[in-house]
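Notes follow the structure.
The values are calculated or read from the model by the stated rules, or taken from the named source; none is laboratory data. All figures in this text were calculated on a predicted structure; none of them were measured in a lab. Cβ placement follows ideal geometry from the backbone for every residue including glycine, while neighbour counts extend to all protein chains displayed.
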Amino acid sequence: MAFALKPSPSSSAAFGHSTMVVTVPRRFLVRALAAATAASSVDPPTGRQLVLTTPRVLAASVPVANERALSVAHTLSRIKEQGKTALIPYITAGDPDLATTADALRLLDACGADVIELGIPFSDPYADGPIIQASAARALAGGTTTDAVFSMLKEVTPELSCPVVLFSYLGPIVRQGVASFTAAVKEAGVKGLIVPDLPYAETYVIKHEASTKNLELVLLTTPTTPAERTKEIAQASQGFVYLVSANGVTGPRATVDPRVKERLEEIKQLTNKAVAVGFGISTPEHVRQIAEWGADAVIIGSAMVKHLGKAASPTEGLKKLEEYARSLKDALP
């Protein structure tokens, strides 16, 4: 099925831009976004009508530390040089409420988190297991919106000593438009972005927009990712390379798949970037083992979310979160 492209009367050759109205089936939406480089807008009711403004000359840029704190790559590089393994906790924004999320960010920073991953709640978090799915549902039911998350972050990130990476599915990004979304992420003081349902072949437009705003787009690789694609991801990922420890969704597991050790060795032969392991990690024993295998960072999500979101009260949740985060930090070299 072909895309329908129509030049706009407002096209301006003098500025090296052209405006096109693009009508595209929903299943081709990401590919349509990949055709744009500067801005896009999506008709919310249908998700079909796009207005794409595309510059003819693209400037490639590499994210660097901005005015508030070190970049994710620089942060993890310093920890790696010290022979240590970084702790990257994940929590869902708005669970149980945004005020508690703000307190949790400050608390995790004080507990020694080296980078914090914050999830934008989404109605169809298909890469996540029951714990984070329920967390996102609670946040949405409580009225959490993407704009509210950005507003909260603008207040909190200047207080943090560690960088924040935003975890968002493609849906919220498409609804707002890539340029607008990444600008809001930048303004909120966030340093990086993870989009778990963004196919590698479709990363260009988001990576370009992120790079122009000094945001690092972190890419994921899995135990079944082919060797050649793993090499491409390792080269293209910014901030760090996210190694998913097991096939399937997020959630605690009894043991860590021993194949992670082999995958770590393979990826480290391809890049000098930090490699972080996530999915299914929940105990001090897990993080200690992964650190011994050579991971530069360990990501813990579902267990963090469970401690915070299922407590009898926000105060109790923060207390449990602090105890748990400190136990993991103490287990790392």
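Tabulated results
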| quantity | calculated |
| --- | --- |
| For Leu76: the one exception among (1) assigned to a helix (DSSP H, G or I); (2) surrounded by fewer than 22 Cβ atoms within 10 Å (Cβ to Cβ) | (2) |
| Hits in region 142-196 - residues which are surrounded by fewer than 17 Cβ atoms within 10 Å (Cβ to Cβ), under 26 Å from Ala297 (Cα atoms) and touching a residue at least 60 places away in the same chain (Cβ under 8 Å) | Pro158, Ser161 |
| Test for Asp103: is it touching a residue at least 60 places away in the same chain (Cβ under 8 Å) and of a type outside the set (Gly, Ala, Ser) | yes |
| Positions within region 128-141 being surrounded by 15 or more Cβ atoms within 10 Å (Cβ to Cβ) and small (Gly, Ala, Ser), in sequence order | Gly129, Ala134, Ser135, Ala136, Ala137, Ala139 |
| Any hit, region 212-220, residues being at pLDDT below 95 and hydroxyl-bearing (Ser, Thr, Tyr) | no |
| Flag for Lys154 being among the basic types (Lys, Arg) and in contact with a Leu (Cβ under 8 Å, 6 or more places away or on another chain) | no |
| Whichever residue in region 233-259 is small (Gly, Ala, Ser) and at pLDDT below 85 and, among such residues, is surrounded by the most Cβ atoms within 10 Å (Cβ to Cβ) | Ser245 |
| Lone qualifier among Val260, Val287, Val256, Val277 - being closer than 17 Å to Tyr242 by Cβ, assigned to a helix (DSSP H, G or I) and without any contact (Cβ under 8 Å) to a residue 40 or more places away in the chain | Val260 |
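Yes or no, residue by residue, for (1) within 24 Å of Leu217 (Cβ to Cβ); (2) crowded, with 18+ Cβ neighbours inside 10 Å:
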residue	(1), (2)
Lys261	no, no
Leu270	yes, no
Ala276	yes, yes
Ile281	yes, yes
Glu285	no, no
Glu292	no, no
Gly301	yes, yes
Lys310	no, no
